[in-house]
1. Among Phe87, Phe26, Phe63, which is out of contact with any Gly (no Cβ under 8 Å at 6 or more places or on another chain) and modelled with pLDDT under 90?
2. Out of all the residues in segment 5-19, is one or more touching a residue at least 12 places away in the same chain (Cβ under 8 Å), touching a Gly at 6+ places or on another chain (Cβ under 6 Å) and under 30 Å from Leu83 (Cα atoms)?
3. Those residues that are under 24 Å from Tyr66 (Cβ atoms) and not aromatic (Phe, Trp, Tyr), I need them from segment 24-49; list them, please.
4. Is it fair to say Ile59 is out of contact with any helix residue (DSSP H, G or I) (no Cβ under 6 Å at 6 or more places or on another chain) and either surrounded by 13 or more Cβ atoms within 10 Å (Cβ to Cβ) or within 16 Å of Thr15 (Cβ to Cβ) (or both)?
Amino acid sequence: MSKKTNSIVFMLIATLVNLLLLVVFFILGFVIIGVLGSRFPELQNAAPLLILLVFGVAIFGSFFIYSRIVKWATVKFNLEDKLDPIFTPKRNRRNKED
């Protein structure tokens with residue numbers, strides 16, 4: 001496979017991992033809200049705020065862990081040599097012969 005193909009496959013897999021992390025964080029957040037809501041009924045008044053907090057933490061947390069996984073995989077599997085940038089500015093493009 002070429003470097004471009006490797007890059008596209010890597011990005012597709014990384015995107016799926018990111019979406020999976022996002023779903024896991026959403027589920028964990030809503031389970032925590034449900035448990036806290038059943039134990040502390042006075043928190044039900046703050047449900048909209050807690051839901052916004054879960055959305056924020058899920059998005060930030062999944063992106064944070066995703067970026068750590070990508071950095072780790074790049075170093076562990078020496079991906080710098082195997083991947084090529086998908087989008088490059090026109091002035092930085094290499095010749096087709098390279």
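1. On the way: Phe26 fails: modelled with pLDDT under 90; Phe63 fails: modelled with pLDDT under 90.
Exactly one of Phe87, Phe26, Phe63 is out of contact with any Gly (no Cβ under 8 Å at 6 or more places or on another chain) and modelled with pLDDT under 90, namely Phe87.
2. no
3. Val24, Ile27, Leu28, Gly29, Val31, Ile32, Ile33
4. Criteria met by Ile59.
The values are calculated or read from the model by the stated rules, or taken from the named source; none is laboratory data. These numbers come from a predicted model, not from an experiment. Cβ: placed from backbone, ideal geometry, glycine included. Neighbour counts: every protein chain shown.
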